[in-house]
Each structure stands twice: as structure tokens, then as C-alpha cells.
Amino acid sequence: MDYLDNLNPQQREAALYTEGPLLILAGAGSGKTSTMTHRIAYLIEEKGVNPYHILAVTFTNKAAQEMRDRVESLIGSGVNMWILTFHSACLRVLRKHAQLLGYKKDFVVYDPTDQKAAMKNIVKEMNLDDKRYTPAYFLSIISDCKEKELDPKQYLATYGEDPKTKIVYQAYRSYETLLKKNNAMDFDDLLLNAVRVFKQDEAALLEYQNRFQYIMVDEYQDTNFIQYTFIKMLAEKHKNLCVVGDDDQCIYQWRGADIRNILEFEKDFPNAKVVKLEQNYRSTANILAAAHSVIEKNRGRKEKKLWTSKADGQKIAYYRADDERDEAHYVAQQIDHLKRKDLRYSDFAILYRTNAQSRTFEEALSRRDIPYRVLGGLRYYDRKEVKDIVSYMRLVQNPDDDLALLRIINEPKRGIGARTVDKLQALARVRGESLFDTLMDEEVVSGLSAKASAGIRSMVEVIQQYSKEQSNLRVSDIYDGLLVGTGYLKALEEQNNLEAESRIENLMEFKSVIYDYEKDDEQLSLPDFMERIALLAEVDNHDESENAVVLMTMHSAKGLEFPFVFLPGLEDGLFPGWRAFEKEDGLEEERRLCYVGMTRARERLFLTSASMRTLYGKTDYTRESQFLREMDKHLIDGDAIFEKKKEARNSRSLDGYSRETPFNPFDQLKYVKQQVRQRAASGETFQVGDDVTHPKFGRGTVLKASDKIIEVSFRDGSVKKLAAGIAPLTRY
Ligand code: ATP
Ligand code: MG
């Protein structure tokens, strides 16, 4: 029982309280997860419980693995027990019992891509307007329904008979039929069907109730309704359910997590014992107090205050950078300074709000030769959408680049399958020409399916057009034109889900990359630019080993801890994110996220913001985050000025245009589309004699204008023929 000596009296009480419902409600770093781990060890070692009878549920696979490791290190041997995420626990139940619901034993699990493909067929069969009714639209409603345990009929009954509801109902019903026919379940079905098994078959439920005499759930505040039902049913018999959580750390409401599950635990289990842990073992007193000064601004929370026996420690460092490059430079420099011999790079974490922010840090760390790794995501230049669009740009520079073409030939989907690609490649090889040359041959293309041939024709046209005109265009014009002209952006917009939104954010952030170079060199050519980013993408210090600075989003850092934590981008519109300004409760959820981020730090916490930021290709003055303004100023060191600097109190763009809500990637998206559209109409709008300006060539006068070519005489004496429809001309 030695290991129990490490626990404080409350933790010990919780670990030893094994019979009956138990709620451990406590703030960050108070040892909730450790207590749970000790409790498992105690059950096995001291109470002689067979690990077979224990179920522990965690939020992520990584957390499950960590818990398993910790238990094993306590009891000194391998354990064969269910320490799993919700999804994997349900999958195990269903592998055994899905036949009850009419599935075959070897049912398949549909991932989001499969789901979309299935739904696409349904939309087609229903003859719906696929602009208005996208697969993503239906899928997101269906997912919501499944989380609330509503089948199609119940959905209809709940939301009434208006025409739109009826259409959703039909799509939902067909989707269910199709999945069933294919012997398939989607991710939401895993939970839903496990609960259905329990509801329909008493024997099956009893089997698991008997098996799982002791059940534990970590991060309980982030469970949704169906997860809650799953656990509640399992625990009904023995009632030895221990849930662990912190209402202040509920950060998944946008995915249906319901904070009430934790607040109402005592109602569900009237004789539940509640243990509160109040000592924080993770952070210095200053970090803890600063985090508390933020979270206490949330309304409707259970007040709880943590204490620590640790020293105050250093104050929270705050740096107001000039711009995002300066910010990243500061962070890399601090890491360089602080990295003593006895520290590892993995003692440092940079936790950002959105994935698109990682780019500047990756660059700054590489420049200083500091190894880093991106956890729970890819480094910027490895992200699919970034690679895709870079491939398009490579093709514009050189259409004979077969590798680039192969990457995007069916991206967005153009109905060109792998077999077709093989055939086309074989043909190109026989003819001894590039794949692009083959695609330019109308005879070849017309032999393909209608969809594929149309797709290829329009792709070839766009690439040729920009390829020919590249010397007359800025890199940013080419980029915008490709995003819109290839249909890439549109395909993402139609997906209309969070993953697609994040991809759009990354693509808009690529505008910042271009802007960075164009700012210094107005004549920047496409080949120059491609050369520079090839270097950037290659020369980096990405290091998968354990000894590397950790970059990740605050969301994925839940439950983890690091001696040194950097939270960058503390600006209104970035953190709190711009979405928080549009949604009720949005701000409170962001504040909880801020609390999660701050409480990851053990020794030192660094906050940064940039007074001017180029994000999504747009440069703006920023306003310091509301969270900074809320923080207790005594705890902050550095140029913590807040009021001191004469700086825009309102978000204001450089062109003096001021707006209520901060700039966001979708503003940029609108702007890009508008620009491309305007240019497309330019052939008709310009007339002989018009005074115009061109971003590369300056002022000039239109000599000739047709719907194909606009001929302009520029002030430097040159006369240029520009392609109407893509030339970046504006009337002067
Ligand atoms: P979070 O809310 O972030 O998930 P938590 O409440 O689960 O935090 P843990 O991760 O379990 O907290 O513990 C935080 C840190 O405190 C860990 O490093 C852990 O080893 C340490 N710790 C927990 N309890 C004790 C204790 N009684 N004595 C010393 N250290 C402890
Ligand atoms: Mg924890």
C-alpha cells in the first residue's frame, strides 16, 4: 500500500471509497486523474478485484494509454483490463452483440468520408438541389439526432412536419436503410447501438453489468447525452461508478458535451459521495491565481478555489509583440534562453487556439534549430490542403510536373478513379509525353465519362490560363484564381463542417505566406516564390522523438502538463476566437479553454499577443484579448501595459476601415471570391482610353479591350497584352 502514501487525505478518501457512486469534482491539476489511477491499483492490489471487472473510460486514446502505463507502474505488472475511449468500449460490445440489432458480426465502421459518399447518393436519388441540401447539411443534423437518441420518426415527431423537416426525415431514413443494407455503422452509431443493445436485450445488459462491477470515467464534464446514458445503464446494478471532472474545463460543448451531466450527478445518484480536491500539485501559486482570476468571470459555475503549497514562482510573463513574426521570434528566443542542460525540449509547449497559428512558430523554431513536433495534427506544410494547393501552383509554374498533377487530378473530386489515372499514365508513357500533354488531347479526354471529361477540361483550362499569364500576375492573384477556378474552395465550402472550416483557415493563412514575400518584393515571381517555400517546407526541425518542443491546440492539451507553457495570440478575435462573438455562451466556453490552457503550466507561463497581425493574408491592428484584461495585473510581468500603449481600442484594419467583430478567415474567403469574380467580368468592363493601375506594372491606359485580351500601355513605356478575365486591373 506504499503508493497510497503519496495521496493527500481527500485523494486517499476517494481512492479508498470503492463502493457506491462517487463524484470527484475538482479544479485543474488537483490530482483527479492520479487519484483515479491509484483507485484502480487499490481495487486490484488490496481489494483483490479481478481487473476483468473494471472499466475505465477516458476521452482520447492517448489518455487511455497513459492511464494504463500509470496503473502498470503502480502495481508493477501488465494488466488486461478495459481502459478505453467511449468509442472503443462500444465497439467491443457491438462486435459481440450487434446481431441483436440485425447487423452481421463483421459489420464495418464508416468514417466521415464513407458517410459523405453514402449521403451523396441519397441526395442524388431524392433529386434534391445539391446546393441547398448538401450531404454535410444532412449529416450534421443526423449526428445531432444520434447524440440525442432520436431515430428518424422521433426526429419528425419532435421537429414537426414543415417541408424542410420532412426532407431531412426522408434523407435520414434512407441513410439508415443504406447503412443497414451495407452492414455498416458510423461513429455515432457505435454509441447509439451499444445503448440500443442494452435497452433491447436484458441478458446482454446484465452480462456487462455483472462484468463491470467498478466503472470510472475521466473528464466527465465533456460527456454528451448518449455517452452519459451508456455509462448510467452499465452502472445501474452495482452503482460503483466513479466520475471525475471539472465543470470549469468543459470545452466540447460545440460537440454536444453537456456540463449538466456533472452538475447533476448528485441528482442521478442521490446517495452519491462527493469528494472535492482543493490542493493543486501542478502549478506555482502565481499561475494558479492568474488562471483563477480568469475563470471566476464565468457566470453559472460552482465556485471552487484551489490552493497550493508551492512557492509563488515567477510572475506570468507577458509580451506584446510588434507582429506575429516578432511573437514567434520571442517564443523561440525564450526557449533558447531557458533550455538548461537538465531540461528537455519536450518540457516546453506552445498551445495555440487554431491550427493555422502553428506556421509562424514552426518557422521561428527551425530558424533557431530547435527541434519541435506537432501533436494531434500535422505540421503546416504537411497538411493536405496546403500540399494540394502547392501542387496546383507547381503545375502552373510547370505543367509537365507529373507528380503535382497526380496529386490533384481528382482533388476536388472530378470522377477520375485510380483505374482511369493508370490508363492515362500508361498512355502518356507510350507517347513519351507528360501527363498534362495527354490531358490536353481532346480525343483522349472525350473518351472518359462525362463527368471526368468535363472536370479535366476545366482544370486544364485554368492551369493553362494561369501558366501563360504568370509573368503578368502577382503570386497572390494566381493563388486566388486557382482556389476559385479549380473548384477546390467550393468543394470545401460545401462540406460545411468543422474539419473543412479548419482547412479553409489553413488555406487563407497561406495568403499570409505569400503576403510576407510580396511585401518585400513587389515583383516576386512564381518560380522565386516556389523556390522559397520548397526550402521552408524542407528545412525544418520537425522531430518525432520525445525530445522536441510540443506544438498543439489548447483543445488537445486537455489533461496534459508541461513545465513551460506558451499561450500565443491573446487577441480578441483570435482568442477568444471570432466565433465567440457570434454565439451566446461562446465566450464562456472560450474562457474555460483559456483556463485549461493556463493550467497546463507547472513552472512558468508565457502569454503573448501581437499588436499587428497578418492572419489569413490580412494585416490588422489587434486588440488585446479580453482575457488579458480580466487577468489579475499584479501577477503579470513584462510589458503588461494594457492601457499604457496608445493603441487602437477597436479592431481596425490598416486601411482605416473599422469593424465591430474581428477579421476572420471567412471574411478573407469572401474577399478572394469577390476579387476573382470582378476580374472575370473585366473583359466587358474596360474600354479604350480607361486609366488603369496594375499591381506589378503601375499606371497605364487601355489601348484595346476585347473579351479575351486587354492591351495596356504603361507609364514605363511598355505595352502589355493581358488576359481579360484574370488580369488584376482596376480603374484609376
Ligand atoms: P486536469 O484537470 O488537468 O486533468 P488532474 O486533476 O487530473 O488535472 P493530475 O494530472 O492527476 O491532475 O495531477 C496533476 C499533477 O499533480 C501530476 O503531476 C501529479 O503527479 C501531481 N499530483 C497529484 N496528486 C499528488 C500528490 N498527492 N502529491 C504530489 N503530487 C501529486
Ligand atoms: Mg486529468
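Numbers below:
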item	result
Odd one out for residue 113 among (1) among the hydroxyl-bearing types (Ser, Thr, Tyr); (2) surrounded by 12 or more Cβ atoms within 10 Å (Cβ to Cβ); (3) in a helix (DSSP H, G or I)	(2)
Residues of segment 42-64 satisfying the condition of being closer than 24 Å to residue 90 by Cα, without any contact (Cβ under 8 Å) to a residue 40 or more places away in the chain and away from ligand 2 (no atom under 14 Å from the Cβ)	44, 50, 51, 61
Matching strands (runs of 3 or more DSSP E) fully within segment 1-99 where at least 2 residues are buried (at least 23 other Cβ atoms within 10 Å of the Cβ)	22-26, 54-58
Qualifying positions in segment 678-732 - of a type in the set (Gly, Ala, Ser), touching a residue at least 12 places away in the same chain (Cβ under 8 Å) and over 20 Å from residue 476 (Cα atoms)	683, 689, 700, 705, 706, 713, 718
Residue in segment 1-32 that is farthest from ligand 1 (Cβ to nearest atom), counting only those that are hydroxyl-bearing (Ser, Thr, Tyr) and over 20 Å from residue 284 (Cβ atoms)	18
Residue within segment 378-395 that is in contact with a strand residue (DSSP E or B) (Cβ under 8 Å, 6 or more places away or on another chain) and either part of a loop (DSSP other than H, G, I, E, B) or without any contact (Cβ under 8 Å) to a residue 24 or more places away in the chain (or both) present	yes
Residue identified as in contact with a His (Cβ under 8 Å, 6 or more places away or on another chain) and touching a residue at least 40 places away in the same chain (Cβ under 8 Å) among 374, 331	374
Subset of segment 248-277 (residues that are within 28 Å of residue 576 (Cβ to Cβ) and within 16 Å of ligand 2 (Cβ to nearest atom))	248, 249, 250, 251, 252, 257, 262
Of all residues in segment 216-230 being surrounded by fewer than 24 Cβ atoms within 10 Å (Cβ to Cβ) and polar (S, T, N, Q), the one that is farthest from ligand 2 (Cβ to nearest atom)	229
Count - residues of segment 381-401 that are buried (at least 17 other Cβ atoms within 10 Å of the Cβ) and in contact with a Ser or Thr (Cβ under 7 Å, 6 or more places away or on another chain)	3
Boolean, residue 593 is outside any helix (DSSP H, G or I), within 16 Å of ligand 2 (Cβ to nearest atom), crowded, with 16+ Cβ neighbours inside 10 Å and not acidic (Asp, Glu)	no
Residue that is surrounded by the most Cβ atoms within 10 Å (Cβ to Cβ), among those in segment 545-561 that are assigned to a loop (DSSP other than H, G, I, E, B) and more than 15 Å from ligand 1 (Cβ to nearest atom)	548
Residue match in segment 138-147 (condition: surrounded by 21 or more Cβ atoms within 10 Å (Cβ to Cβ), in contact (Cβ under 8 Å) with a residue 60 or more places away in the chain and not β-branched (Val, Ile, Thr))	yes
Filter result (on the phi > 0 side of the Ramachandran plot and surrounded by 16 or more Cβ atoms within 10 Å (Cβ to Cβ)) within segment 266-319	313
Single match in 224, 280, 240 (criterion: closer than 20 Å to residue 39 by Cβ and away from ligand 1 (no atom under 16 Å from the Cβ))	240
Given (1) assigned to a loop (DSSP other than H, G, I, E, B); (2) exposed (fewer than 15 other Cβ atoms within 10 Å of the Cβ); (3) at pLDDT 90 or above, index of the condition residue 104 fails	(3)
Matching residues in segment 596-630 - criterion: being assigned to a helix (DSSP H, G or I) and crowded, with 22+ Cβ neighbours inside 10 Å	596, 597, 598, 627, 628
Residues located in segment 511-524, provided they are over 17 Å from residue 698 (Cβ atoms) and in contact (Cβ under 8 Å) with a residue 12 or more places away in the chain	511, 512, 513, 514, 515, 516, 517
Segment 562-592, residues that are within 13 Å of ligand 1 (Cβ to nearest atom) and of a type in the set (A, V, I, L, M, F, W, C)	562, 565
Some residue of segment 66-77 being modelled with pLDDT of 90 or more, away from ligand 2 (no atom under 16 Å from the Cβ) and closer than 20 Å to residue 241 by Cα	no
Test for residue 193: is it more than 16 Å from ligand 1 (Cβ to nearest atom), polar (S, T, N, Q), over 27 Å from residue 38 (Cβ atoms) and modelled with pLDDT of 95 or more	yes
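Quick grid of which residues meet (1) farther than 30 Å from residue 671 by Cβ; (2) of a type in the set (Asp, Glu):
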site: 425; (1), (2): yes, no
site: 436; (1), (2): yes, no
site: 442; (1), (2): yes, yes
site: 449; (1), (2): yes, no
site: 454; (1), (2): no, no
site: 462; (1), (2): no, no
site: 474; (1), (2): no, no
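The values are calculated or read from the model by the stated rules, or taken from the named source; none is laboratory data. On a predicted model such as this, the values are computed, not experimentally measured, just so you know. Glycine also receives a Cβ, built like all others from the backbone with ideal geometry; neighbour counts cover every protein chain displayed.
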